[in-house]
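The values are calculated or read from the model by the stated rules, or taken from the named source; none is laboratory data. All figures in this text were calculated on a predicted structure; none of them were measured in a lab. Heads up, the Cβs are rebuilt from the backbone with ideal geometry, glycines too, and the neighbour counts pull from every protein chain shown. Heads up: the accessible areas ignore ligands, DNA and RNA and are worked out on the full protein's heavy atoms, side chains in. Shrake-Rupley method; radii C 1.70, N 1.55, O 1.52, S 1.80 Å.
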Amino acid sequence: MNTERLTVITITYNNFDDLTKTIESIPCNPQIKIFVVNGGDCPKTQKYLQEKKETISLEFISEPDHGISDAFNKGIKNTSTEFIQFINSGDVLINRDYQQEAINFLCSHPIYTYVHSNILLSLNSDQQKTLSPRGSNIGKGMPFLHPSLIMKKDVFSEVGGFDNNYKVAMDFDLAVRMYSKNYQGKFFNITSIHMLEPGISVTNE
């Protein structure tokens, strides 16, 4: 019987070392699977994914894409679980109970569409900062921090996927469309993800 309920979508492009950190941080759990969208041509990445597929619940595709939004959409298209999380290559799950707690909460509270939390950001080799969402007012910025977001996959059937016209801020565009539908989210006041390097949206904020 298939008990998988959450798919972690990880996009990667020729950054083998970062990818391994991400994959190894995700706990083995019969309710969680990993789907990797590999847009690069690194032989070590291909070999690693093929080997990991034999030992954990992992699937992957290796083919060129047209950027981050396109890679995200490929991940969504190729998953069938009830819930989705996006942990990009290089981001590390540091609270190993977070995903299961999120699954349990969303299953027992169907009025909620997503859960989210704080993230830890490494600004440089010796400086870190904990980031918290800015609240429910979309005019003040992101209402959730994308790497921590665990959401129902059905959202994408209702609001559409990531817009390929955006090279940055595609997560904010998604947040605006979710906001327009009045989806309810639950904030867990914990730190779940460590971003080892600022993402493109953070860098250009």
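Reported count of residues in the range 1-17, each being open to solvent by 10 Å² or more (accessible area, probe 1.4 Å), touching a residue at least 24 places away in the same chain (Cβ under 8 Å) and of a type outside the set (Val, Ile, Thr), is 6. Scanning the range 18-29 for residues that are closer than 13 Å to Gly40 by Cβ and either surrounded by fewer than 20 Cβ atoms within 10 Å (Cβ to Cβ) or out of contact with any helix residue (DSSP H, G or I) (no Cβ under 8 Å at 6 or more places or on another chain) (or both) gives a single hit, Asp18. Just one of the listed residues (Tyr48, Tyr98) is open to solvent by less than 10 Å² (accessible area, probe 1.4 Å) and at negative phi, namely Tyr98. Residue check: Gly161 meets all listed conditions (1) in a loop (DSSP other than H, G, I, E, B); (2) of a type in the set (Gly, Ala, Ser); (3) at pLDDT below 95; (4) crowded, with 16+ Cβ neighbours inside 10 Å but one, namely (3). Applying the set (1) touching a strand residue (DSSP E or B) at 6+ places or on another chain (Cβ under 6 Å); (2) open to solvent by less than 10 Å² (accessible area, probe 1.4 Å); (3) part of a helix (DSSP H, G or I) to Ile84 leaves exactly one unmet item: (3). Within the range 107-152, if we keep just the residues that are β-branched (Val, Ile, Thr) and in a loop (DSSP other than H, G, I, E, B), the residue that is surrounded by the fewest Cβ atoms within 10 Å (Cβ to Cβ) turns out to be Ile111. Of the set (1) at pLDDT 95 or above; (2) over 19 Å from Ile32 (Cβ atoms); (3) out of contact with any helix residue (DSSP H, G or I) (no Cβ under 8 Å at 6 or more places or on another chain); (4) among the hydroxyl-bearing types (Ser, Thr, Tyr), all apply to Ser125 but (1). Scanning the range 106-129 for residues that are among the hydroxyl-bearing types (Ser, Thr, Tyr), over 18 Å from Ile94 (Cβ atoms) and within 21 Å of the chain's Cα centre (by Cα) yields Tyr112, Thr113, Tyr114. When Tyr183, Tyr166 are checked against the criterion of being farther than 22 Å from Thr12 by Cα, at pLDDT 85 or above, hydroxyl-bearing (Ser, Thr, Tyr) and in contact with a helix residue (DSSP H, G or I) (Cβ under 9 Å, 6 or more places away or on another chain), a single residue qualifies: Tyr183.
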